[in-house]
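The values are calculated or read from the model by the stated rules, or taken from the named source; none is laboratory data. Since the model is a prediction, treat every value here as computed from it, not as a measurement. Using ideal geometry, Cβ is built from the backbone for each residue, glycine included, and neighbour counts are taken over all protein chains shown. Protein only, heavy atoms only, side chains kept; ligands, DNA and RNA dropped before computing areas. Shrake-Rupley method; radii C 1.70, N 1.55, O 1.52, S 1.80 Å.
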Amino acid sequence: MEHLAEAARIRRAVLRFNRRLRQERGDGSLSANQLTVLGHLYRHGPSTPGEVAAAERQRPQSLTRVFAELEAEGLVGRAPDPSDRRQSVLSLTDDGRRALEDDMAQRDAWLAGALGALGETERGVLSLAAAVLERLGDAE
């Protein structure tokens, strides 16, 4: 039972932190789903729409419009899959990489300033917590 209360407290803190990071994004920023797709392609390289959707635990149909928007804006490219011509492969363009990096830079600048207001011990604890959160994020 104690783990459930702790899990709820951590979840609330993470949600609040995520909400604060979203507030640091400028007007006209990429949508959450656009960031999800660009981030996937940035981390994993060219992927089929189905691979992106599966990795992000979404249905491909829910991302169809996002893929089309990103392609229309020149942030992703689409090419036929060489092994299955019925499929397409999405890849991050140079403009897409810049858009993603610019979006991340805005939030990173705020976070760097906020971290600067913390003590060394607090920053160390956050660094350890980040490693643990990454492990939890990768857990099945």
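Between Ala112 and Glu140, how many nm apart are label points set 7 Å from Cα along the C-beta direction?
My value for the distance between the label points is 4.0 nm.
Would you compute, from DSSP H runs of 4+ residues alone, the mean residue ellipticity of the chain at 222 nm, taking -39500 (n - 2.57) per run and dividing by the full residue count, rounded to the nearest 500?
Using -39500 (n - 2.57) per qualifying helix, the result is -23000 deg cm²/dmol.
Could you provide, to the nearest whole Å², the per residue accessible area of the chain with probe 1.4 Å?
71 Å²
Three principal axis extents, largest first, for the C-alpha atoms of region 9-140, in Å?
So the three principal-axis extents are 55, 35, 21 Å.
With every protein chain left in place and a probe of 1.4 Å, what is the accessible surface of Thr64, to the nearest 10 Å²?
80 Å²
Compute a Gaussian network model of the chain, connecting alpha carbons closer than 10 Å, and tell me which residue from Ala53, Ala68, Ala112 fluctuates the most.
Of the options given, Ala112 has the highest mean-square fluctuation.
Using alpha carbons only, what's the Rg to Rh ratio of region 1-86 with Rh from Kirkwood?
With Rg and the Kirkwood Rh in hand, the quotient comes to 1.10.
Sticking with the crude label model, points 7 Å out along Cα→Cβ, report the distance from Arg59 to Ala13 in nm, one decimal please.
3.6 nm
Rounded to the nearest 0.05, what FRET efficiency is calculated for Leu21 and Ser91 with R0 set to 35 Å and r the Cβ-Cβ distance?
For R0 = 35 Å, the calculated efficiency reads 0.85.
For Val89, list long-range residues whose amide hydrogen, built 1.01 Å from N in the peptide plane, is under 5 Å from its own amide hydrogen.
Ala79, Asp81
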